[in-house]
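Engineer: What follows is a structure written as structure tokens; I'll ask about it next.
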């Protein structure tokens, strides 16, 4: 398989895996830390209305979803690409970062959470995913 095609498939696979991990964590989060009483988190409108009721604990799983989704996607991409492992992992991190920025603009989350999420959940996790993939490839 040509290098370019394999790299594209690896990148798309990393994007898919990262998205599945992200959504999986988001889906289970409500059963581990229930939303505030009366909050409807099934729609964007309901979530916008419920966000002022959220406590710090309600932001743990969204952060984990963003961080671990990015980590998993970057790891998979960096493990599967033929060349430029770090660049592809950081590409995954950038796409997830853009998604995080879009999410922040759509949902009025607290400023502290926006900073923590945008600074800590995307590019650092992509770099760590690439580092894990490098160790994995060497074995």
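Engineer: For the structure I just gave you, tell me whether residue 3 is touching a residue at least 60 places away in the same chain (Cβ under 8 Å), loosely packed, with under 13 Cβ neighbours inside 10 Å and within 30 Å of residue 134 (Cβ to Cβ).
Structural biologist: On the way: touching a residue at least 60 places away in the same chain (Cβ under 8 Å): yes; loosely packed, with under 13 Cβ neighbours inside 10 Å: yes; within 30 Å of residue 134 (Cβ to Cβ): yes.
Against the criterion (touching a residue at least 60 places away in the same chain (Cβ under 8 Å), loosely packed, with under 13 Cβ neighbours inside 10 Å and within 30 Å of residue 134 (Cβ to Cβ)), residue 3 qualifies.
Engineer: If you check 59, 11, which single one turns out to be part of a helix (DSSP H, G or I), at negative phi, under 17 Å from the mean Cα position of the chain (by Cα) and modelled with pLDDT of 95 or more? Quick ask: steps written out before the conclusion?
Structural biologist: Details: 59 fails: modelled with pLDDT of 95 or more.
Only one candidate qualifies: 11.
Engineer: Looking only at segment 41-50, which residues are within 21 Å of the chain's Cα centre (by Cα) and either in a helix (DSSP H, G or I) or at pLDDT 90 or above (or both)? Full working, then the answer.
Structural biologist: Going through segment 41-50, the residues within 21 Å of the chain's Cα centre (by Cα) turn out to be 41-44, 47-48.
Across segment 41-50, the qualifying residues are 44, 47, 48.
Residue-by-condition table, conditions (1) at pLDDT 90 or above; (2) assigned to a helix (DSSP H, G or I); (3) touching a helix residue (DSSP H, G or I) at 6+ places or on another chain (Cβ under 7 Å); (4) buried (at least 20 other Cβ atoms within 10 Å of the Cβ):
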residue: 52; (1), (2), (3), (4): no, yes, no, no
residue: 69; (1), (2), (3), (4): yes, yes, yes, yes
residue: 79; (1), (2), (3), (4): yes, yes, yes, yes
residue: 119; (1), (2), (3), (4): yes, yes, no, no
residue: 132; (1), (2), (3), (4): yes, yes, yes, no
residue: 136; (1), (2), (3), (4): no, yes, yes, no
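Engineer: What is the one condition in (1) assigned to a helix (DSSP H, G or I); (2) over 23 Å from residue 127 (Cβ atoms); (3) out of contact with any helix residue (DSSP H, G or I) (no Cβ under 7 Å at 6 or more places or on another chain) that residue 38 does not satisfy?
Structural biologist: Unmet condition: (1).
Engineer: Next question, about the same structure. Confirm whether residue 19 is closer than 30 Å to residue 89 by Cβ and without any contact (Cβ under 8 Å) to a residue 40 or more places away in the chain. Outline the logic, then answer.
Structural biologist: Numbers: closer than 30 Å to residue 89 by Cβ: yes; without any contact (Cβ under 8 Å) to a residue 40 or more places away in the chain: no.
Spelling it out, it is not the case that residue 19 is closer than 30 Å to residue 89 by Cβ and without any contact (Cβ under 8 Å) to a residue 40 or more places away in the chain.
The values are calculated or read from the model by the stated rules, or taken from the named source; none is laboratory data. Note that this is a predicted model, so its numbers are computed, not measured. Cβ coordinates were reconstructed from backbone atoms using ideal geometry, including for glycine residues, and neighbour counts include every protein chain displayed.
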